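Q: Input: one structure, supplied below.
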Amino acid sequence: MIDLLEESPGKLEKLINDLFAEIDDNEPDVQAYLELASSDELLKSTRELVDQPLKGIPGTIKDNIQTLGFKTTCGSKFLEDYDSVYDATVIKSLKEAGSPVLGKANMDEFAMGSSTENSYFQTTRNPHDLSRVPGGSSGGSAAAVAADEAVYALGSDTGGSVRHPAAFCGVVGMKPTYGLVSRYGLTAFASSLDQIGPITKDVYDSALLLNYLARHDEMDSTSAVKKTPDYTEGIDRGIEGLKVGLPKEYFGKELDSRIQEKAKKWRKTFENLGADVVEISLPNTEYAIATYYIIASSEASANLARFDGVRYTSRADTDSIEELFSRSRDEGFGPEVKRRILLGTYALSAGYYDEYYGKAQKARRLIKQDFDRAFENVDLIAAPTSPTPAFKIGEKIEDPLEMYLSDVFIVPVNLAGIPAMSMPGGKVNDLPVGMQIMGGSLAEKKILRAGYAFERNFED
Ligand code: GLN
């Protein structure tokens, strides 16, 4: 993107035409988009934007972010006809910076899933191998960027949904510190975990976008940071002398042996860059999946209560008010969303609250403490994003537990509220492998600096 920003305005027209040409060519296979802007209107609007910092370069938005002029379906039948009623704060910021919207990207229904197979509308395919999933839940966003159908995309990361598809599609996905990016206009899944983050082709673009995404917002009561830095400043300073930890729990038997091998090269690259690489331990990692799925489902069961057939959504055809609620929800939600609502309602119910939700909160604290302790000794933590490369469409969809297990290395970060970025870490059998760099609270600059150096020096 930066190349384009520095070149002549005429380039923008070409870029937009090229994007639509790629969309025409690839979209029948990849199916990343749920809705697209008209190319004529986009060309017209961008002409006035070339003097703005983002120069009229359009972005692709996950379909759970309110975007005027587009629907916000959340990948759900329930919201099939729901038109956005305002611009989310992130959309407002991007528009002000001169980036209009190219289209809305497919996703797992209400962002629940790790493969984008839970979308009511379509299954997005991995551009590297069309028989495989793009990861999830922001699979449409990552696939669009990987297939050159987007310059950049926004995703949301509640339990890895930016980093997981970025890893499977071979692109860069950043999950910022909780509270750094406004959630206003993001359909809530699990409010204590949700963060919006950029998906880009390279690390620099991720930093550039963060400059516009990270800002204080009165419309989000968890907005935590008053002043944000320039994330691109000093990105090329290198990482000599930084201490990078490799958590031994992330290199256990669930990790594909080919990724295990790849990680040796990651280590070498960090060492060549002058970093001090040490083994560390995050001992409570084994509780992360259970903790995450209890907390996220509990919050989801409360957040999704608003979809009742009365407001926002499609409505069952009946005269009985009780039937209206239950049938609308039965007809509107897909199987995975229903599973989460049931799980969450159960975990929060009287008699089970302490045993499940209360216990999960305690485990969350321990997981956070693991990171706090680790960051007393290291600057950054590097690990695989996912235990395997992209799996086949249909391979895990019948087995929810198997699907949940693919989140083992990404959910701890959300539970701890810290930032992490997944970036390309080579390929196995022509499939991308994601490497994740995690940092302490608000360590985005350090993560980006390390990623930028790694990107330039890693040889697969
Ligand atoms: N796989 C996670 C889940 O299904 C992803 C959630 C997310 O980050 N939106 O809950």
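Please treat every number below as a calculation from the coordinates, not as lab data. None of these values were measured; they are calculated from a predicted model. Cβ: placed from backbone, ideal geometry, glycine included. Neighbour counts: every protein chain shown.
Q: How big is D, in µm² s⁻¹, for segment 296-338 by Stokes-Einstein at 20 °C and 1.002 mPa s if Rh is the Kirkwood radius over C-alpha pairs?
A: Translational D for this selection: 200 µm²/s.
Q: Restricting things to alpha carbons, find the Rg to Rh ratio for the chain using the Kirkwood radius for Rh.
A: Expressed as Rg/Rh, it is 0.95.
Q: Next question. How large, in Å, is segment 241-366 by the Kirkwood hydrodynamic radius built from its alpha-carbon pairs?
A: Radius from the Kirkwood sum: 18.3 Å.
Q: What per residue convex hull volume, in Å³, comes out for segment 370-443 when only alpha-carbon positions are used?
A: So the per-residue Cα hull volume is 95 Å³.
Q: Quick one: compute the contact order of the chain, relative version, from alpha carbon pairs under 8 angstrom and 6+ residues apart, as a percent.
A: Once normalised by length, the contact order is 18 percent.
Q: Can you pick out the pairs among LYS248/LYS268; LYS253/LYS446; LYS95/LYS392; LYS248/LYS446; LYS253/LYS338 whose Cα atoms lie more than 28 Å from each other?
A: Correct reply: LYS253/LYS446; LYS95/LYS392; LYS253/LYS338.
Q: Could you point to the residue in GLY344, ALA360, MET421 farthest towards the positive end of segment 315-438's charge dipole, with +1 and -1 charges on the Cβ of Lys/Arg and Asp/Glu respectively?
A: MET421
Q: Stretch SER349-GLU48 to full length: gain in nm at 0.36 nm per residue minus the Cα-Cα span?
A: Answer, rounded to one decimal: 102.9 nm.
Q: Still on this structure, I have one more. Sort CYS74, CYS169 so the one with the fewest other Cβ atoms within 10 Å of its own Cβ comes first.
A: CYS74, CYS169
Q: On to the next question. On the first, second and third principal axes, largest extent first, how far apart are the outermost C-alpha atoms of segment 7-106 in Å?
A: 44, 32, 17
Q: Moving on to the next point. For MET219 and ALA305, calculate 0.36 nm times their separation in residues minus their Cα-Cα distance, and state this gained length in nm to one decimal.
A: Between MET219 and ALA305, full extension yields 28.8 nm more.
Q: Considering only Cα-Cα distances, which of the following residue pairs are longer than 22 Å: LYS44/LYS175; LYS104/LYS396; LYS104/LYS175?
A: In this structure, LYS44/LYS175; LYS104/LYS396 exceed 22 Å between Cα atoms.
Q: What value, in deg cm²/dmol to 500, does the helix sum -39500 (n - 2.57) over DSSP H runs of n ≥ 4 give at 222 nm once divided by the residues of the chain?
A: -11500 deg cm²/dmol
Q: Averaging over every viewing direction, what projected area does the convex hull of the Cα atoms of segment 331-455 cover, in nm²?
A: For segment 331-455, the mean projected area of the Cα convex hull comes to 10.4 nm².
Q: Quote to one decimal, in nm, the extra length available between GLU286 and SER192 on full extension: 0.36 nm per residue of separation minus the C-alpha distance between them.
A: Working it through step by step, the gained length comes to 31.8 nm.
Q: In whole Å and largest first, what semi-axes does the C-alpha gyration tensor of segment 95-137 yield when each eigenvalue is scaled by 5 and square-rooted?
A: 24, 14, 9
Q: While we're on this one: Computed FRET efficiency, Cβ-Cβ of GLU459 and GLU395, R0 25 Å: what is it to the nearest 0.05?
A: Calculated transfer efficiency: 0.20.
Q: Please report, for the Cα atoms of segment 225-314, the Rg to one decimal and the Dmax as a whole number; what are they, in angstrom?
A: 20.9, 60
Q: Same structure, new question: Rounded to whole Å and ordered largest first, report the semi-axes of the equivalent ellipsoid of segment 61-199 derived from its Cα gyration tensor (root of 5λ).
A: So the three semi-axes of segment 61-199 are 20, 16, 15 Å.
Q: Between ASN272 and GLU13, take the C-beta separation as r, use R0 = 35 Å, and let me know the FRET efficiency to the nearest 0.05.
A: The pair ASN272/GLU13 has a calculated efficiency of 0.25.
Q: Moving on to the next point. How many nm is it between the label spots at LYS362 and LEU130, if each spot is 7 Å from the Cα in line with the beta carbon?
A: Taking the two extended label points, one gets 5.3 nm.
Q: For segment 308-394, what are the per-bin percents of Cα-Cα distances with bins 10 Å wide, up to the bin holding the maximum?
A: Percent of Cα pairs in each bin: 13, 21, 25, 26, 11, 4, 0.
Q: Distance from the Cα centre of segment 291-311 to that of segment 62-99, in angstrom?
A: If you average the Cα positions of each part, the centres end up 20 Å apart.
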